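In what follows, a structure is listed as structure tokens, so that the remarks can point back to it.
The values are calculated or read from the model by the stated rules, or taken from the named source; none is laboratory data. Please read all numbers here as calculations on a predicted model, not as lab measurements. No Cβ is skipped: glycine too gets one built from the backbone with ideal geometry, and neighbour counts run over all protein chains shown.
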2 protein chains.
Amino acid sequence: MSLSSQPYKGTRDYYPEDKRIQNYIFNVWRRVSERYGYEEYGAPTLEPLEVYAAKSGQELANEQTYTFTDRGGRVVAIRPEMTPSVSRMVAARRQELAYPARLYSVANFMRYERPQRGREREFWQLNVDIFGVDTIAADAEVIAVANAIMKEFGAKDKDYVIRVNNRNFINLMMSEYLELDAKATQAMIKLLDRKDKISESDFTDQATAIVDDKSGERLKKLQTLLRAKNIADLPTDIRTSLPAVELEELFTILEQAGVKNAKFDITLMRGFDYYTGTVFEVFDTHEENSRSLFGGGRYDGLVGLFGAEPISAVGMAPGGTMIEKFLEVHELLPKLTSTTDIYIVVLGDVQKAADKLARHLRSEGVNVELDITDRKLDRQIKTAVKKNIPYLLFIGEDEVKSEVYTLKDTTSTEEQKVGFARIVSMMRDRRRVTDDDDILDLE
Amino acid sequence: MSLSSQPYKGTRDYYPEDKRIQNYIFNVWRRVSERYGYEEYGAPTLEPLEVYAAKSGQELANEQTYTFTDRGGRVVAIRPEMTPSVSRMVAARRQELAYPARLYSVANFMRYERPQRGREREFWQLNVDIFGVDTIAADAEVIAVANAIMKEFGAKDKDYVIRVNNRNFINLMMSEYLELDAKATQAMIKLLDRKDKISESDFTDQATAIVDDKSGERLKKLQTLLRAKNIADLPTDIRTSLPAVELEELFTILEQAGVKNAKFDITLMRGFDYYTGTVFEVFDTHEENSRSLFGGGRYDGLVGLFGAEPISAVGMAPGGTMIEKFLEVHELLPKLTSTTDIYIVVLGDVQKAADKLARHLRSEGVNVELDITDRKLDRQIKTAVKKNIPYLLFIGEDEVKSEVYTLKDTTSTEEQKVGFARIVSMMRDRRRVTDDDDILDLE
């Protein structure tokens with residue numbers, strides 16, 4: 001009996017054409033993160049399960065982790081998210097690190113969710129986190145990085161919106177303004193989180209049940225809140241509260257920083273239990289893909305769980321699959337070719353000379369695939385075209401003698417006779433254009 | 001009770017200074033693989049355990065995997081190596097792929113080994129594989145890539161040696177020349193594999209027991225074989241066998257290709273059960289680190305296990321920890337600074353102007369960390385120096401007015417007054433030198 005050739009359930013194989021897209025996304029993530037002074041780190045694939053049980057939320061820790069007991073009796077989980085790991089790392093070097101610590105990673109995670117389109121059980125995320133800044137400037141910076149990432153992908157202002165709220169503001173609204181107890185608060189948060197997914201009348205019915213107020217006063221208050229599109233629209237006593245003032249300050253900084261897509265959203269909750277202040281979410285405005293792309297927020301309490309003095313933190317985590325889908329619906333995915341520049345097609349008994357030429361080109365930084373199969377011309381060409389390699393270089397006895405080669409663009413009928421130095425400079429120019437698109441010309 | 005801040009047993013946290021080294025290694029791997037026309041792919045972290053049980057070797061599959069039963073009752077393992085996964089992927093698209101398929105990946109793996117210096121339970125490997133070439137040219141190419149990687153790391157010919165053998169040759173030697181049965185063959189292979197680790201007399205005693213030949217004829221034959229430093233030194237009947245002729249051809253191609261470090265090693269075995277022809281190993285010659293760095297070989301049968309027609313394959317897998325150790329003992333690790341180019345030190349009430357300058361620099365591709373903490377000058381500088389950021393840029397009220405800034409090299413006392421355009425071109429030049437060290441000048 002033979003083994004299955006299919007990937008393990010809920011996971012995905014990345015063939016070169018898929019990996020190209022993933023690498024394009026990863027490169028944008030890395031480039032923008034580094035441009036803001038964030039440095040890359042790495043964390044283990046496994047963590048003790050208790051790390052997630054503490055603050056990630058019950059559903060994630062209990063139902064969605066890939067958990068097992070190792071050969072040493074330790075209960076471990078394949079990481080379902082990065083925030084606890086990076087918090088643990090900061091706690092371990094609480095004294096030694098330079099603050100503010102700006103950290104990023106590109107890593108894979110697993111969650112045992114029902115596999116569905118655009119949601120895989122193994123997925124990749126960028127994590128961007130800043131530690132050690134307790135002012136709103138840090139929240140603004142992380143949102144600015146989120147915005148810069150969207151822009152670097154080619155997104156326009158109309159393509160997405162950044163919804164912003166604040167956990168302290170939510171708590172204040174629930175306890176002091178709506179006068180809800182802890183249980184009712186939880187229920188209301190859950191309801192608000194689902195508001196977009198249910199009908200207006202369902203929402204009103206459920207809200208009425210939760211506020212449990214015969215006078216109808218609380219429901220009226222809730223409706224007033226929900227009508228607020230800006231902090232300025234809020235009732236005075238709420239608007240002058242500390243969390244609301246902080247939110248207003250955040251929007252001011254974001255506006256100064258050229259972030260035009262951020263807007264207050266009183267219904268935004270975000271799932272993780274560890275958030276303690278600002279929460280935000282980048283939302284796709286495309287009508288066929290109207291959904292949350294990724295989010296983040298402030299979590300000042302997490303580092304303190306690992307035996308260190310607490311330290312303030314703000315972070316976010318865009319996922320690869322969501323971004324890929326966004327790029328697809330907005331037609332923002334660039335045409336990606338192979339990383340190989342040239343496929344050398346070998347005609348006749350010149351393998352040794354072809355190998356020498358390939359090595360010589362490689363020593364000049366050109367990516368060269370050399371045919372070593374002794375096949376017919378058309379089959380060699382077919383291989384290169386199928387792989388999306390931009391250039392074919394033909395070498396036969398004449399070329400070995402003359403040192404002039406035919407270079408053919410696989411995407412057109414264009415071909416030219418070229419010498420070694422010309423090939424190298426052509427490929428170098430091509431690479432500069434492809435790699436350095438982050439380095440713009442000076443005005 | 002607080003959670004432990006230490007990484008899970010046998011795994012490692014990569015802080016930015018560690019990740020820099022890892023990224024340096026990964027970049028060399030990627031650069032060289034792509035230079036030879038290999039394209040990147042990705043595979044899942046989990047595979048069904050049976051994938052390894054088939055051919056990876058009993059010890060690895062049964063004792064060294066992180067195995068568990070998932071919520072759907074499937075017995076899975078965190079991948080301990082890549083070869084079965086990439087073979088599965090090729091099998092799944094046997095018909096569609098372009099051949100020769102040249103594939104590479106940089107990925108993490110886990111093996112439940114006793115943690116020890118230079119051997120972690122979670123580790124990173126480059127995997128380079130070529131599918132669809134049944135001639136020795138493919139074996140030679142993979143060895144040439146291994147050699148190019150060592151050279152790209154700055155290794156000299158004397159720093160390492162590439163040991164080469166052939167499984168068919170080993171089988172022939174055992175069955176036809178030494179006339180050993182299957183059981184004795186296995187024992188002899190194991191003994192040869194440990195030859196370097198035991199004394200001469202221990203080896204002779206154990207070999208005598210295995211060959212079980214009162215005449216002493218077989219032992220003499222074995223000793224003759226072991227004295228052979230080249231194929232040419234072998235007894236005639238062995239030397240003219242197909243595997244020996246193939247080995248000789250391999251050495252000829254390697255010599256032509258400028259690989260000077262490959263040598264025949266009759267004791268080289270390599271652990272995996274799936275090897276079917278050439279096996280090789282890059283060995284560190286440094287006296288304090290005399291050990292195998294990585295290896296590879298031909299495995300023509302693996303794709304066929306996944307329900308597809310068999311397809312020939314040659315591959316190899318250097319590991320990150322081994323390479324890092326090699327670079328250390330040979331003093332080949334370059335000085336690595338932060339990916340951040342500039343740390344902007346903010347003096348006085350100019351945060352808004354500083355933010356604008358930072359954004360402007362970033363839009364020109366400069367990596368800029370901006371201080372947003374309102375701290376004293378010396379504390380801001382300390383942060384940048386601790387992070388190994390190469391330049392400080394000071395901005396205060398005067399600089400905002402004049403648009404001329406003080407730029408200070410953190411590694412020297414050098415500082416200069418510069419305008420925006422000059423900063424950008426300086427950083428751009430710096431980046432070119434760092435990033436493009438693979439693109440050499442034309443002679």
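A search for C-beta distances below 6 Å between a residue of region A:374-390 that is within 11 Å of chain B (Cβ to nearest Cβ) and closer than 10 Å to A:TYR343 by Cβ and any residue that is of a type outside the set (Val, Ile, Thr) and outside any helix (DSSP H, G or I), counting only pairs 6+ apart in sequence or on different chains, returns A:GLN380/A:ASP371; A:THR383/B:ALA98; A:ALA384/A:TYR343; A:ALA384/A:LEU392; A:LYS387/A:SER338; A:LYS387/B:ALA98; A:ILE389/A:SER338; A:ILE389/A:TYR343.
Here's a check for you: in region B:218-269, which residue that is within 14 Å of chain A (Cβ to nearest Cβ) and among the hydrophobic types (A, V, I, L, M, F, W, C) is nearest to B:ASP205 (Cα to Cα)? Selected residue: B:LEU250. For region B:374-389, residues that are in a loop (DSSP other than H, G, I, E, B) and either buried (at least 18 other Cβ atoms within 10 Å of the Cβ) or not assigned by TED's automatic domain parsing to the domain that holds B:PHE420 (or both) total 3.
The number of residues in region B:288-321 being part of a strand (DSSP E or B) and more than 17 Å from the chain's Cα centre (by Cα) comes to 2. Just checking, does region A:224-238 include any residue being more than 31 Å from the chain's Cα centre (by Cα) and among the hydroxyl-bearing types (Ser, Thr, Tyr)? There is at least one residue in region A:224-238 that is more than 31 Å from the chain's Cα centre (by Cα) and among the hydroxyl-bearing types (Ser, Thr, Tyr).
Filtered by the rule that a residue be surrounded by fewer than 19 Cβ atoms within 10 Å (Cβ to Cβ), more than 7 Å from every other protein chain (Cβ to nearest Cβ) and under 30 Å from A:VAL76 (Cα atoms), region B:21-41 gives B:ILE21, B:PHE26.
Evaluate region A:147-161: report whether one residue or more is β-branched (Val, Ile, Thr) and surrounded by 22 or more Cβ atoms within 10 Å (Cβ to Cβ). Spell out the reasoning first.
Residues of region A:147-161 β-branched (Val, Ile, Thr): A:149, A:161.
Keeping just the survivors that are surrounded by 22 or more Cβ atoms within 10 Å (Cβ to Cβ) gives A:149.
Among the residues of region A:147-161, at least one is β-branched (Val, Ile, Thr) and surrounded by 22 or more Cβ atoms within 10 Å (Cβ to Cβ), which makes the answer yes.
Among all positions in region A:154-166, there is at least one residue which is closer than 19 Å to A:PRO318 by Cα and either of a type in the set (Phe, Trp, Tyr) or within 13 Å of chain B (Cβ to nearest Cβ) (or both).
For region A:395-424, how many residues meet the condition of being modelled with pLDDT of 95 or more and not in a strand (DSSP E or B)? Of the residues in region A:395-424, 15 are modelled with pLDDT of 95 or more and not in a strand (DSSP E or B). The condition of being in the same structural domain as A:MET82 (by TED's automatic domain parsing), surrounded by fewer than 17 Cβ atoms within 10 Å (Cβ to Cβ) and under 30 Å from A:VAL51 (Cα atoms) holds for only one of A:GLY258, A:GLY271, that being A:GLY271. With respect to the conditions (1) surrounded by fewer than 17 Cβ atoms within 10 Å (Cβ to Cβ); (2) among the hydroxyl-bearing types (Ser, Thr, Tyr); (3) closer than 21 Å to B:LYS220 by Cβ, B:THR135 lacks only one, and its number is (3). Restricting attention to region B:42-55, the residues that are more than 7 Å from chain A (Cβ to nearest Cβ) and either aromatic (Phe, Trp, Tyr) or crowded, with 22+ Cβ neighbours inside 10 Å (or both) add up to 1. Restrict the check to region A:322-341 and report whether at least one residue is closer than 28 Å to A:ALA54 by Cα, at pLDDT 95 or above, within 22 Å of the chain's Cα centre (by Cα) and assigned to a loop (DSSP other than H, G, I, E, B). Looking for residues that are closer than 28 Å to A:ALA54 by Cα, at pLDDT 95 or above, within 22 Å of the chain's Cα centre (by Cα) and assigned to a loop (DSSP other than H, G, I, E, B), one finds none in region A:322-341, hence no.
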